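The values are calculated or read from the model by the stated rules, or taken from the named source; none is laboratory data. Values in this document were obtained by computation on a predicted structure and should not be read as measured data. Cβ atoms come from the backbone with ideal geometry, glycine included; neighbour counts cover every protein chain shown.
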Amino acid sequence: MEKLGGIFNPSSPEMEAMADLTYYVIAISIGILAIIVVAVAYIIIRYRKGSKDSSEPYQNFGDLRLEIVWTLIPVAIIAVLFQLTCSTMKTIDPPIGNEEPDIVVIGHQWWWEFYYPKSGVLTANEMHIPVGKKLLLRIESIDVIHDFWVPELGPKIDAIPGHTNHLWMGASEPGVYLGACAEFCGTQHANMRIRVIAETEEEFNEWQKQELVVPRTPRSGIAGKGAELFQTKACMNCHTIKGTPAAARIGPDLTHLNKRQTIGAGVLTNSPENLTKWLYNPQKYKQGSLMPNMKLSDSEVEAIVAYLEGLK
Ligand SMILES: [Cu+2]
């Protein structure tokens, strides 16, 4: 089940606090506007030309009591807004300490890397979280400034090279929450999508256990040929597949590629057909992507797809 919606469909305690604050501010502003509109309307009608008493209304200068009142009322309104803002910030702002994060988010042109330091899971573009938990995220960037934003779950937060930011992440309901990079970061900025997959604790633990399994490398058949090609066709210079010499992090970790719903940070759904298309020419689906066209032959693509499809 995919959930669409934005900041007005909050699905985490942090986002609920932010939405509440927005509603309070809007309600107070509408209240002020209503008082002013009514007062102006009354004066316009009461003192209009031709009315029973159209003489100049009474002019009142230097009334200390009135001046105190119209100073205190705005001060009180601002104090209320200030207090509401402070309590919201207390809910949404994570600690600025050296606490170990649950997930490290690393922005790359043009995809996201997710690392779970407590378990060692490394994955891309799709973040699994257990529902109802408050997780600490550390946001980083490897190249330029990106911005991590999943509107239903929390505020935007910049991913800045050489600097770390923190964010609380949690979801009240299971589901797939969509997000995207929210800071222009180059040609494929629009295709730098995020999927947060919130699942029950058991499902999450199962996923995490599967992610930590080192897949067996096929030695024979078409998949075996694919595994060999992966190491000889430069794929290994940019990608990691655990249990093989491929350990680079220029591109997404492919150890459990088959478990992901999309490829290319959301440009294609993950299927053997789409993986084939991607391998023939990633530039056709994500022009400017940092994965070059590898100019593979039909049989090479077929073998590599057979190999990658086996990576569950
Ligand atoms: Cu970006």
Residue that is nearest to the chain's Cα centre (by Cα), among those in the range 186-200 that are within 10 Å of the ligand (Cβ to nearest atom) and among the polar types (S, T, N, Q): 191
In the range 160-185, residue nearest to the ligand (Cβ to nearest atom) [restricted to those that are touching a residue at least 40 places away in the same chain (Cβ under 8 Å) and within 15 Å of residue 138 (Cα to Cα)]: 167
Residue within the range 208-223 that is among the acidic types (Asp, Glu), assigned to a helix (DSSP H, G or I) and over 27 Å from residue 198 (Cβ atoms) present: no
Residue satisfying all of: in the range 241-254; within 23 Å of the chain's Cα centre (by Cα) and not charged (D, E, K, R); surrounded by the fewest Cβ atoms within 10 Å (Cβ to Cβ) among these: 250
Extreme residue, surrounded by the fewest Cβ atoms within 10 Å (Cβ to Cβ), among residues of the range 149-159 that are more than 9 Å from the ligand (Cβ to nearest atom) and assigned to a strand (DSSP E or B): 158
Residue within the range 189-200 that is over 22 Å from residue 94 (Cβ atoms), at pLDDT below 95, among the small types (Gly, Ala, Ser) and in a helix (DSSP H, G or I) present: yes
Number of positions in the range 96-148 that are in a loop (DSSP other than H, G, I, E, B), within 15 Å of the ligand (Cβ to nearest atom) and not aliphatic (A, V, I, L, M): 4
